[in-house]
Structures are given as structure tokens and as C-alpha cells.
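Student: The structure under discussion is supplied below as C-alpha cells; questions concerning it will follow.
Any read-out appearing in this document is the output of simple, stated calculations on the displayed coordinates, not a laboratory observation. Source: prediction; values computed, not measured. Virtual Cβ from ideal backbone geometry, glycine too; neighbours counted across all protein chains shown.
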């Protein structure tokens, strides 16, 4: 037997259903605020001064993003003002199903890959894009790299991930050198940082 509902009751049911659907949609669309920071320590290997220089990059000055596809997961922390940039490229085949895990850097690079760009002090952005570069392909396979990128959480509903990293490069050229003087001093370069609620998009 078919039951007829009063028009007012039907309208209320429809309105309630639409409200619930809207709430569910809004909840899925609202992403937590991304946050991140990293520090750079430069320790020189000679006797000249200064012997050390430290720089900290905070969330307010960073753009955080990540891309995920069947081949890899890429994470970026970019300072749009200075053009300094830290990036990590993790082969998807080496990641866990939940993405959570520790992914060490290797030389030669067989695991997580890294890249770091440091804007030249005498050629500031945005007028120049000249930067010193350090990456997995450039650094010789001498065991002069250590560290890992750790993904500590992945929220599949909001498509955000969180984690931390430590990248230590031994005996590399000075990222603070002026243009044309990068061979002047050698140093140990260490980057440490955290990233929280980084939005993840599909793509290459």
C-alpha cells in the first residue's frame, strides 16, 4: 500500500536531507591549515670566521604542497620571497599503503630523493632566480648524505599529510657564497624541519 505524506512533512524531510548532505560536503571540503618550518645550519670546515651560520624559515613565509600519483610522492616547502626551496621525491613503490613511514636518503639515490635551492645572496629574488642547488643527482656517491623524510600521518578524507625531515650533507660548497665564489669554502649543511596538514593533489 502506498502512503501519502503531507506536503509540509515531505518538504521538511527534503530540507533535512539537503542540510545533511551540505554538512557532509562542507566537512569534506574544509581542510586543516597547513603549517611548516625548517632550519638550515651551515658549519664551515676551515678556520675562517664565521664558523657557523643558522637560518630558520617559518610557516608565515613558506608555501607547502604535495603531489601523489602511482609513481611517486613529492613534497615541497618553498619560500616565495627568497626563492629558497626544499623538495623530496619518494618512489610510490617503496611507500606503505597508508603512506606513513620513514624514507631514508641514499647515495647513490635508490630511495627518497632530495633537492635544495638556496638563493644567491648577491642576486636576490625576484629580480634573479640564480640559486645554489643541491640534489640527489648532483652529489657524488661518497656517503656524504644522511637523513630521512618521515611521513607521520596521512588524512585520506582531507587529503593532507604531515611529517618531518632531516637532511645532512657533508663537505659541500657554501650555500651562502656570492655568485662565482661557491668553491671558496666547504661546509657541512644540515636541514631539519616539520610539515603539518600539507595539501596533497594528484599529478606528476
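Student: Just for region 32-202, what percent of DSSP beta bridges are antiparallel, to the closest 5? Show your work: numbers first, answer last.
Tutor: Details: 64 of 68 bridges.
Here the antiparallel bridges make up roughly 95 percent for region 32-202.
Student: Can you tell me how much longer the chain between residue 123 and residue 184 gets when fully stretched, taken as 0.36 nm per residue apart minus their C-alpha distance, in nm with one decimal?
Tutor: On the way: separation 61, 0.36 × 61 = 21.96 nm, distance 1.75 nm.
Gain in length upon complete extension: 20.2 nm.
Student: Given points 7 Å out from each Cα along the Cα-Cβ axis, report the residue 157 to residue 35 separation in nanometres with one decimal.
Tutor: Here the modelled spin labels are 2.0 nm apart.
Student: Label points 7 Å out from Cα along the Cβ direction at residue 65 and residue 194: separation in nm?
Tutor: Those two pseudo-labels are separated by 2.5 nm.
Student: Taking a quarter of the surface of the convex hull around the Cα atoms of region 32-202, what do you get in nm²?
Tutor: 9.9
Student: At 0.36 nm per residue, minus the direct Cα-Cα distance, what do residue 97 and residue 48 gain on full extension? Give it in nm, one decimal, please. Walk me through the numbers on the way to the answer.
Tutor: Details: separation 49, 0.36 × 49 = 17.64 nm, distance 4.89 nm.
Length gained, residue 97 through residue 48: 12.8 nm.
Student: At a Förster radius of 30 Å, what calculated FRET efficiency corresponds to the Cβ-Cβ distance of residue 202 and residue 146, to the nearest 0.05? Before the final figure, lay out the partial values.
Tutor: Values: r = 32 Å, r/R0 = 1.05.
Result of the calculation: an efficiency of 0.45.
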